[in-house]
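Only one structure is covered here, and it is reproduced in the block below.
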Ligand SMILES: Nc1ncnc2c1ncn2[C@@H]1O[C@H](COP(=O)(O)OP(=O)(O)OP(=O)(O)O)[C@@H](O)[C@H]1O
Ligand SMILES: [Mg+2]
């Protein structure tokens, strides 16, 4: 019915409906009926309101809050070591932000705090407006995470894993199957969909996890830890193309990487980290204006993280 019948026709149809049918429809639509005697015209109006509400919901895709990811003054210590120091970071819907930095910079720690796996010592983190500590279920539900070292359900096949994920996230079986097949094609995963997760190669495990994310309802908030590392050139190319398309359709994407080619041709903005601190941030052009002699993101990166080797 959504979008097909105009409201005048809808009202005429409802007016023609026998009383008991109208009442049944009102119950299905969960119209709050508290009075013992109700007027027919009131009931028709309430049913109309509910139907129109649903119609609007069907037509408008979910839009992420702005910012989709927000970290404010976040610090994480492991014993005496400060892995992340007073980090501020946000990602808007329709944006790909790259956290780049050398080994041990704090990239993985940042993503693990954002996804609620570990807790920050101080500062606050919001995902789609939900606090990762106070509203952890809502916040975690909104985010798709690919970890650096995935360990998940080794005794499920990739297909079982993807369909299980779809169920957890409330995606109907049919929709999940359609989406799964679409992404299996895209990632050329046909051969492996019935393989046990525990026996997949690194790159194929990454593909299975990505398919598990993309069976959910877009737009997505993604936290991807080194997503390209491990994929072969074709897989990497397909994933980058897909991430750009998702970004253009309103998803918010945060990726960590130390592979600068990945960052430079994928990310809209960069946050450069070194030993837990942000040492630079901005678009490539903005960063370049700080280092006018730099020819590439690589040179900017090296200048900010210990200098260019002789
Ligand atoms: N669970 C932990 N216990 C103790 N120290 C940790 C733990 N996790 C991370 N660290 C330390 O925190 C620092 C940041 O680590 P992190 O894994 O975030 O770096 P990274 O930027 O992801 O590096 P890489 O590029 O190697 O993946 C490192 O010094 C690391 O040894
Ligand atoms: Mg890491």
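Just so you know, all these numbers are worked out from the coordinates, no wet-lab data involved. Predicted, not measured: the structure shown is a model, and the values here were computed from it. Methodologically, a virtual Cβ is constructed for each residue, glycine included, from the backbone with ideal geometry; neighbour enumeration extends over all protein chains shown.
For this structure, a couple of remarks:
- Difference of contour (0.36 nm per residue) and Cα-Cα distance, residue 85 to residue 242: 53.3 nm
- Shape category assigned to the stretch 7-59 from the gyration tensor of Cα positions, a/c cut at 1.5: oblate
- Which of 146, 69 has the fewest Cβ neighbours within 10 Å, and the rest in rising order: 146, 69
- Residue of 144, 282, 212 that the Gaussian network model of the chain assigns the largest fluctuation, springs spanning Cα pairs under 10 Å: 282
- The distance between label points at residue 149 and residue 48 comes to 6.3 nm (points 7 Å beyond Cα on the Cα→Cβ vector).
- Theoretical FRET efficiency, 1/(1+(r/R0)^6), r = Cβ-Cβ of residue 172 and residue 35, R0 25 Å, to 0.05: 0.10
- Helical content of the chain, expressed as a calculated mean residue ellipticity at 222 nm, amounts to -13000 deg cm²/dmol (DSSP H runs of 4 or more residues, -39,500 (n - 2.57) each, divided by residue number, nearest 500).
- Whole-Å distance, taken between Cα centres, linking the stretch 234-301 and the stretch 121-153: 22
- Comparing 67, 18, 233 in a Gaussian network model of the chain, where Cα atoms under 10 Å apart are tied by springs, the biggest mean-square fluctuation is seen for 18.
- Of 95, 182, 15, the one that fluctuates the most in a GNM where the chain has Cα springs shorter than 10 Å: 15
- Normalised by 2.2 N^0.38 Å, with N the number of residues, the alpha-carbon radius of gyration of the chain equals 1.24.
- Helix 173-186 and the longest principal axis of the Cα set of the chain meet at an angle near 30°.
- Seen through its C-alpha gyration tensor, with square-root eigenvalues sorted a ≥ b ≥ c, the stretch 184-310 comes out prolate because a/c lies at 1.5 or above while a/b is bigger than b/c.
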